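Each reported figure results from applying straightforward, stated rules to the coordinates on display, with no laboratory input. Everything numeric in this text was worked out from a predicted model, so none of it was measured. Note: ideal-geometry Cβ built from the backbone for every residue, glycine included; neighbour counts use all protein chains shown.
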Amino acid sequence: MVCTTCTACPNYLEWLLAQLRADYGNTIQIEPSECLAACDAAPAVFLNDTYYPRIDLSNLSALIDAELNAL
């Protein structure tokens, strides 16, 4: 789940979502959220109900890969 209306880093989030869709396609489900109230920790995501503040693409990709490999 990612905050798609975040004003703290909107360009980064758009790029991040495009990269995730390109890298994983339909393998993962991206759920937009209006606000995670995490402006001080942006960009922040929830991955399988676990909160990750200040995440970057390489760390997020590693977390997603680990989750997919655990299935």
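Put simply, the amide H of residue 47, placed in the peptide plane, has neighbours under 5 Å in 52, leaving out anything fewer than 5 places away on its chain.
The packing ranking of peptides 16-29, 52-65, highest mean first, is 52-65, 16-29, where packing means the average number of other beta carbon atoms within 10 angstrom of each residue. Fully extending the segment from residue 58 to residue 15 would add 14.2 nm, taking 0.36 nm per residue of separation and subtracting the current Cα-Cα distance.
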